[in-house]
Amino acid sequence: MVDRSREIAGWMANSPPNLTRRALLRAAMAAAAAGALGAACRGSTTPSGAPPSGAAGVAPTTTPGGAPAFSVALSQPRKLKVAWTAVTGAQSGVYMAHETGAWKDLGLDVDLIRMGSSSQLAAAMRAGEVDGGVLDWALAFQFQSQGGNAREVAAITNRQIFSVVSQPSITQPQDVIGKRWGITRLGSAAHTASLLALEMWSIRPDQVQFLAMQDVPAILVGLQAGGVDVGTVSPPTSIRALQAGLHQLVDLAEQGPEYPSIGLAIAERYVTQQPEVVRAYVAGYAGGVARFRKNPDRALAVLRQYLQIDDEEVLRDTYDRFSRYLAYPPTLPMNSLERIKSDLAAEDPNVAKVAIDDVAAPQFADELQAHQYFASLL
């Protein structure tokens, strides 16, 4: 399969700055359709580490008398190809579910692969190359309006966990007008967070120049090299940016509105045809988050493996932040989704036609919550 990642990156980096959010997301979907399939076909790019090992937690919850009350584990093993989409602590629950065997304990043989962004994941899911992964909520609505096949089934972060950082000479929001702004890719979670920050400051997206840097660490490299003036980054990169002397314009996790960022998605065919797989998928992810919280030493080792950093101070800060930021229980933030839909529908009438239930499938997490499954893992 032809690798068009450099061609796509160049197109995105040089795309006109005055495109609307609707046009940007449509362009991202179209561009990712070629690049994503190559990544999916190459197989797993998960950082190598210790083999998965079990941890505390059981497949079923139990009644007070000890009898099984609710079955979660699959009767037969099933394979899933799942993608993580950014080098960030926000996806720690996914890393831990895979590395500690939380999915495997429930009968899911997960091939965890690395993809560059939510837009690449959506394109790969549409082509049937990937079964699920970490998907930006805003893109999920846009994807569905274009005939997509993904459903969000678990919450990951219910706030934007990004910071907007800048060159030291840029000290206030209005200074970003006309500047080069580094994101990962158009249609990514970093892009959504950037648009939210601009909205907070009453600045139009066409008043800045978005540059696609491919991944979060590359945004910091661009800032340090002077190739971009502003960037949207998440921990641990945001922590390292401040260590390097860059200026923080806003920490959206602490200062921004409640606005869901990313969720755990799966192909719609599993929701309609194999609900038992989705139930195990959500339960295994929750096990990963619970193990992240309960076992700091293992969590730090997994963060070191996936984030590829050895700075103990940065690792510990990242762990502390995401112990708070990761949604638990991971039930879907249904009351907050209308705002995302409304924001998108203002520019894209097709999104207005999308029902929230076409994007979100809350019943699996809700069922687990009703049976106190999530509480049983802590």
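No lab work stands behind these numbers, since they all come straight from the coordinates. Given the structure is predicted, the values throughout are model-derived calculations rather than measurements. Here Cβ is always computed from backbone atoms with ideal geometry, including for glycine, and neighbour counts include all displayed protein chains.
All but one of (1) touching a helix residue (DSSP H, G or I) at 6+ places or on another chain (Cβ under 9 Å); (2) closer than 28 Å to residue 308 by Cβ; (3) assigned to a helix (DSSP H, G or I) hold for residue 263; state the number of the condition that does not hold.
Result: residue 263 passes all but (3).
Of all residues in the range 283-301, how many are surrounded by 24 or more Cβ atoms within 10 Å (Cβ to Cβ) and either touching a strand residue (DSSP E or B) at 6+ places or on another chain (Cβ under 7 Å) or not basic (Lys, Arg) (or both)?
Looking only at that region, the number is 10.
Select from the range 362-375 the residues that are in a helix (DSSP H, G or I) and touching a helix residue (DSSP H, G or I) at 6+ places or on another chain (Cβ under 9 Å) and list them in ascending order.
Matches in the range 362-375: 363, 364, 365, 367, 368, 369, 373, 374, 375.
What number of residues within the range 291-335 satisfy the criterion of being touching a Phe, Trp or Tyr at 6+ places or on another chain (Cβ under 7 Å), touching a residue at least 40 places away in the same chain (Cβ under 8 Å) and assigned to a helix (DSSP H, G or I)?
Within the range 291-335, residues that are touching a Phe, Trp or Tyr at 6+ places or on another chain (Cβ under 7 Å), touching a residue at least 40 places away in the same chain (Cβ under 8 Å) and assigned to a helix (DSSP H, G or I) number 4.
For the range 238-287, what are the residues that are more than 15 Å from the chain's Cα centre (by Cα), of a type in the set (S, T, N, Q) and closer than 28 Å to residue 217 by Cβ?
Once the filter is applied, which keeps residues that are more than 15 Å from the chain's Cα centre (by Cα), of a type in the set (S, T, N, Q) and closer than 28 Å to residue 217 by Cβ, the range 238-287 yields 238, 243, 248, 255.
Give me the residue from the range 111-159 that is among the hydroxyl-bearing types (Ser, Thr, Tyr) and part of a helix (DSSP H, G or I) and, out of that set, nearest to residue 94 (Cα to Cα).
Step by step, filter the range 111-159, then rank; the result is 118.
Considering only the range 170-184, I want to know if a residue exists there that is assigned to a loop (DSSP other than H, G, I, E, B), among the polar types (S, T, N, Q), within 24 Å of residue 143 (Cα to Cα) and in contact (Cβ under 8 Å) with a residue 12 or more places away in the chain.
yes
Among the residues of the range 329-360, what is the count of those that are in contact with a helix residue (DSSP H, G or I) (Cβ under 8 Å, 6 or more places away or on another chain) and over 20 Å from residue 73 (Cα atoms)?
Counting residues in the range 329-360 that are in contact with a helix residue (DSSP H, G or I) (Cβ under 8 Å, 6 or more places away or on another chain) and over 20 Å from residue 73 (Cα atoms) gives 20.
Within the range 242-267, which residues are under 21 Å from residue 335 (Cβ atoms) and among the aliphatic types (A, V, I, L, M)?
252, 253, 262, 264, 265
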